[in-house]
Amino acid sequence: MTEAAMTLGNVSMVFDADGGSVHALEGVSLDIRDGELLSLIGPSGCGKSTLLRLLGDLLVATSGSVTVRGKSAEQARLDRDYGMVFQAATLLEWRRVAANVELPLEIMGVEPAERKRRAAEMLDLVGLGQFAEHYPWQLSGGMQQRVSIARALVFHPSILLMDEPFGALDEMTRERMQMELLGIQEKTGTTIVFVTHSIPEAAFLSDRVAVMSRRPGRITEVIDIDLAQPRVFDTREDPDFFAAVTQVRESLRSIEEAT
Amino acid sequence: MTTNRLRRAFPAIVVFAGGILFWETIVRVFDIKGFLLPAPSAIISAFPAEWAELRPAAVGTFTSALAGLTLGTTLAIVAAVGAVRWPMAREGAMPLAITANSTPIIVLAPVANAWFGLLSPWSTIVVIAVLVFFPVMINLVRGLMSTDAAELELMASYAATRRTTLWKLQLPGALPYMFSALKVAAALSLIGAIVKEYFGGSQSRLGQYITLKAGNFQFEEVWTAIVLAALFGIGLYVLITLVEKKFMSWHVSVRAAQI
Ligand SMILES: Nc1ncnc2c1ncn2[C@@H]1O[C@H](COP(=O)(O)OP(=O)(O)OP(=O)(O)O)[C@@H](O)[C@H]1O
Ligand SMILES: [Mg+2]
């Protein structure tokens with residue numbers, strides 16, 4: 001029994017938009033275990049990104065609580081527990097690749113020599129060591145996303161929040177990035193919350209998949225993925241993998257039928 | 001490298017030289033009177049005799065222009081940063097600034113003489129500073145406010161302070177706005193200086209020189225001052241463009257075309 005890294009307690013989120021309010025999340029409760037990779041999957045607009053922002057204290061819930069190992073989400077953010085990867089790479093265009101990766105260290109007051117060393121190490125890890133002195137616009141979309149992953153990991157956050165990070169990649173790159181991500185997680189033990197639209201991706205990566213309903217988003221089911229660790233390329237041809245994919249798909253379909 | 005640059009500049013040089021030649025030709029062929037439009041050759045030959053009088057006048061005018069430009073820009077930067085930092089101040093000040101920016105501020109010129117005294121250099125400097133202030137401030141506020149929401153969230157996830165966010169994200173992102181505002185402001189500062197000098201003040205200024213010579217129907221001499229002012233304006237523009245290239249080599253506008 002692993003202890004919870006993060007706990008969502010009956011969280012609801014209502015946005016005040018002009019001309020009315022949008023009820024994005026309703027009564028979401030969830031324990032995220034230490035060191036696990038948990039995927040969030042659900043129809044577009046169901047509140048996955050909102051949930052991720054609440055976890056990372058970029059939004060404050062209308063009601064309910066978010067705790068991170070006994071702390072508030074805000075304290076966790078101030079303690080720099082979170083690495084964030086957004087759907088777009090959000091690299092700063094005036095910084096070279098290495099300087100982009102160094103950004104969080106710079107803000108956290110790490111000295112220059114150490115910054116350089118750690119950024120170089122991270123860039124090697126995502127296979128972009130040779131591109132350290134390039135500008136973001138000189139890289140492909142997939143390479144930019146790898147830089148943003150390196151940037152999120154460079155200060156060793158204990159929690160990684162990723163919002164459709166591989167959404168814009170082609171299938172082959174995506175599969176390679178998935179392997180890289182799992183490799184990194186194995187080395188670092190990072191707890192990962194991973195938002196995705198792709199059922200096979202969720203099944204392949206996750207220890208557990210949380211399936212969400214249409215707006216207002218609730219968690220309708222949390223599916224345990226019983227696939228051998230570590231996941232390898234051949235895992236995708238494993239009958240257990242197909243079973244997991246089917247299970248997630250059925251769960252998503254039952255939402256469609258309910259609405 | 002140099003030959004490449006020369007080749008790129010070639011069309012512009014041809015057009016420029018052609019323009020001068022065309023000007024010279026029509027003046028001679030149609031025997032245009034000097035008070036309407038003197039020939040370039042006549043303007044050039046007027047320079048040596050006028051130089052002793054022109055030089056101090058030009059130095060005085062350009063010094064005022066630069067002082068006003070510097071003062072106005074500095075105040076505008078401070079005001080813009082303040083306006084972005086305090087939304088209340090922004091909501092109060094921006095409509096006012098936009099209104100002020102649509103008025104012909106140069107009409108203040110004679111009034112400024114009354115405020116600061118006819119011979120005070122401040123009357124010119126302050127008019128220029130006011131003239132420059134509004135477009136720079138408005139543009140910079142726009143630039144600072146145009147920061148990508150996801151990039152702001154990224155900084156929040158690092159628990160970056162407001163000051164760090166301003167220095168590392170908002171200000172660099174606003175540089176393109178800043179430079180286009182500066183180019184406009186540089187031209188405004190020269191217009192402001194010379195028009196202000198039309199209304200009196202120290203005798204040894206380009207504005208006064210032009211009024212005086214025009215009154216005496218010495219139009220070749222008038223044109224020497226015009227040419228000098230134009231050259232200074234172009235020089236200022238080129239200088240700003242060079243600084244822009246140095247600080248913004250990453251930006252699309254600089255890396256794509258050389259304008
Ligand atoms: N800042 C905001 N202000 C108002 N409404 C918002 C805001 N952010 C999100 N919403 C609304 O909340 C709902 C959930 O949005 P969210 O971005 O979390 O969905 P999502 O599940 O991530 O969708 P997708 O899969 O398309 O990315 C949407 O209806 C959206 O319009
Ligand atoms: Mg989303």
Check: What residues qualify as long-range amide H neighbours of A:Leu160, i.e. H under 5 Å apart, gap of 5 or more or another chain, H built at 1.01 Å from N?
Finding: A:Gly83, A:Thr191, A:Ile192, A:Val193
Checklist line | GNM result for chain B, Cα springs below 10 Å: residue of B:Ala89, B:Ala39, B:Ala17 fluctuating most strongly | finding: B:Ala17
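Excluding B:Val132 itself, what net charge comes from residues whose Cβ is under 13 Å from its Cβ, given Lys and Arg +1 and Asp and Glu -1?
Working: positive: B:Lys183, B:Lys196; negative: none.
Every neighbour counted, the sum reads +2.
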Note to self: Output wanted: per-residue J couplings in Hz (rounded whole) for the stretch A:68-84, from phi through Karplus 6.51 cos²θ - 1.76 cosθ + 1.60, θ = phi - 60°, x for Gly and Pro.
What the structure shows: 10, 6, x, 9, 6, 4, 4, 4, 4, 5, 5, 7, 6, 7, 9, x, 10
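If you take the accessible area of B alone plus A alone and subtract the pair, what total do you get in square angstrom, rounded to 100, with a 1.4 Å probe?
Details: alone 15030 and 12130 Å², together 25170 Å².
About 2000 Å² of accessible surface is lost on pairing.
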Next item on the list: Give the accessible area for B:Trp223 in Å² (nearest 10); use a 1.4 Å probe, count only protein heavy atoms, and leave out ligands, DNA and RNA.
Entry: 60 Å²
Item checked: Straight-distance crosslink candidates among lysines, where the alpha carbon sits under 26 Å from B:Lys213 and sequence neighbours closer than 8 are dropped -> B:Lys33, B:Lys196
Checklist line | Interface residues, the stretch B:137-181 - accessible area loss of 20 Å² or more versus chain alone, probe 1.4 Å | finding: B:Ala150, B:Glu151, B:Glu153, B:Leu154, B:Met155, B:Ala156, B:Ser157, B:Tyr158, B:Ala159, B:Lys168, B:Leu169, B:Pro172
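Pull out the extension gain between B:Ser41 and B:Ala9, defined as 0.36 nm times the separation in residues minus the alpha carbon to alpha carbon distance; nm, one decimal.
Values: separation 32, 0.36 × 32 = 11.52 nm, distance 2.42 nm.
Extra length available between B:Ser41 and B:Ala9 comes to 9.1 nm.
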Checklist line | In nm, spacing of pseudo-spin labels at B:Ile234 and B:Thr70 (7 Å Cα→C-beta vector) | finding: 2.6 nm
Next item on the list: Give, as a single signed number, the net charge of other residues whose beta carbon lies under 9 Å from the beta carbon of A:Lys48, with Lys and Arg counted +1 and Asp and Glu -1.
Entry: -2
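Taking all protein chains in place and a 1.4 Å probe, what share, in percent, of the accessible surface of the stretch B:50-257 do carbon and sulfur account for?
Values: 7090 of 9840 Å².
Roughly 72 percent, rounded to a whole number.
Under the definition of Cα pairs under 8 Å and six or more residues apart, what whole-number percent is the relative contact order of the stretch B:57-146?
Reported relative contact order: 48 percent.
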Notebook entry, point to check: Given the pairs A:Lys48/B:Lys246; A:Lys48/B:Lys245; A:Lys116/B:Lys245; A:Lys48/A:Lys116; A:Lys116/A:Lys187; A:Lys116/B:Lys246, which span a C-alpha to C-alpha distance of over 31 angstrom in this model?
Noted result: A:Lys48/B:Lys246; A:Lys48/B:Lys245; A:Lys48/A:Lys116
Item checked: the protein assembly as shown: calculated mean residue ellipticity at 222 nm from DSSP helix runs of at least 4, using -39500 (n - 2.57) -> -19500 deg cm²/dmol
Check: Picking from B:Leu212, B:Leu144, B:Leu154, which is most flexible by a Gaussian network model of chain B using Cα springs under 10 Å?
Finding: B:Leu154
Note to self: For chain A, what does the accessible surface come to per residue with a 1.4 Å probe? Please give it in Å².
What the structure shows: 43 Å²
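As an exercise, use a Förster radius of 60 Å and the Cβ-Cβ distance of B:Ser253 and A:Arg249 to find the FRET efficiency, rounded to the nearest 0.05. If you can, show how the numbers build up before the last one.
Working: r = 47 Å, r/R0 = 0.79.
Plugging the Cβ-Cβ distance into 1/(1 + (r/R0)^6) gives 0.80.
The values are calculated or read from the model by the stated rules, or taken from the named source; none is laboratory data. Keep in mind that what you see is a predicted model, and the values were worked out from it rather than measured. No Cβ is skipped: glycine too gets one built from the backbone with ideal geometry, and neighbour counts run over all protein chains shown. Keep in mind that these areas ignore ligands, DNA and RNA; they rest on the heavy atoms of the full protein, side chains included. Shrake-Rupley method; radii C 1.70, N 1.55, O 1.52, S 1.80 Å.
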